[in-house]
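Enquirer: One structure follows; several queries about it will come next.
The values are calculated or read from the model by the stated rules, or taken from the named source; none is laboratory data. Just so it is clear, the structure is predicted and the values come from calculations on it, not from any experiment. Using ideal geometry, Cβ is built from the backbone for each residue, glycine included, and neighbour counts are taken over all protein chains shown.
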Amino acid sequence: MRRLFPFPLLTLGLLGMWLLLNQTVALGHILLGGAVATGAGLAMAALKPQKPKIGKPLAVLRLLGIVATDVIRSNFAVAGIAIQGKRRKQTSGFMTVPIDMQNRYGLAILSIIMTATPGTVWLNFDAGSGRLLIHVLDLKDEQAWIDIIKNRYERLLMEIFQ
Amino acid sequence: MIAPGDLPLWAAIIVGALTIGGAAFTLVGSFGLWRLRSFYDRVHTPTLGTSLGTVLIIVASMICFTVLESRVILQELLIFVFVSVTTPVTLMLLARAALYRDRAEGNASVPPADPQPILKAREAEPDA
């Protein structure tokens, strides 16, 4: 099993995508999609990537909930700033956040979260010093942003990718 | 053949409201892109269209076609997955290119590059 499905989640995800794209759960499509997904999993194994260890499904769900609420809240906040345009006093700026997480998959997910949330843009991460440079649209309180990133996202991500 | 009139009123109201909401967020995001001051400010606002704007419109589409075809249509979820995974790539590429250029031009409004990253990497992992 391990040999045939080196990345079971990837294979399952691809099969799910295949079925969604074809809008069917017919046996023929499950077999065909399964074959393609298995091949893709084997091709991935040939690239020898570092294997992600994803644990704690509850933490994954909690993170999804947190990100969803934050994305909705910041959508409204940034919409307000965008409507005010140039009349508004400029509060944007750069800041650095110290990041303790070293897992590259965790960092990749963190970058997606930060970019998907309007109002923060991931600029540069220095793996050596663990310093993350971001640009924040509404930078009134640097410490508040550090707390959000470290306590709301990073801690859960470190739990998920031990 | 599916005609627009086949959609029941309650579904039409929900779908219409969601579509207009998503379009409004996208429009405000584009407005911000035009109105804000610096490049780094402007790069934030189009994210409205790629987050809530996209979500509202794909939810509207899912409801509309689920009701019209009387079966669950979920393929729009893939749009959401691909948009959320690919947006950071373009956004980071643009922002970092701007940062690189500003640093090269000696623009004082951007933070300088981290000094000697190689030396710092060794300090952080003495056993490596």
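Enquirer: Which of the residues that make up the range A:76-117 are in a helix (DSSP H, G or I), over 24 Å from the mean Cα position of the chain (by Cα) and touching a residue at least 40 places away in the same chain (Cβ under 8 Å)?
Expert: Selection gives A:ILE81 alone.
Enquirer: Right, A:ALA68: aliphatic (A, V, I, L, M), more than 30 Å from B:SER109 (Cβ to Cβ), assigned by TED's automatic domain parsing to the domain that holds A:GLY13 and in a helix (DSSP H, G or I) or not?
Expert: No: the conditions fail for A:ALA68.
Enquirer: Still on this model: Filter the range B:65-82 down to the residues that are over 23 Å from the mean Cα position of the chain (by Cα) and part of a helix (DSSP H, G or I), then identify the one that is farthest from the other protein chains (Cβ to nearest Cβ).
Expert: Among them, the one singled out is B:VAL67.
Enquirer: Okay, next question. Checking A:ALA45 against (1) more than 13 Å from chain B (Cβ to nearest Cβ); (2) at pLDDT below 85, which single condition isn't satisfied?
Expert: (2)
Enquirer: Using beta carbons and a limit of 7 Å, which pairs, at least six apart or on different chains, have the first residue in the range B:9-30 and under 25 Å from A:GLY85 (Cβ atoms) and the second one surrounded by fewer than 16 Cβ atoms within 10 Å (Cβ to Cβ)?
Expert: B:VAL28/A:ILE83
Enquirer: Out of the range B:47-60, which residues are free of Cβ contacts under 8 Å to residues at least 40 places away in the same chain and either within 9 Å of chain A (Cβ to nearest Cβ) or over 17 Å from the mean Cα position of the chain (by Cα) (or both)?
Expert: Within the range B:47-60, B:LEU48, B:THR50, B:SER51, B:LEU52, B:GLY53, B:VAL55 qualify.
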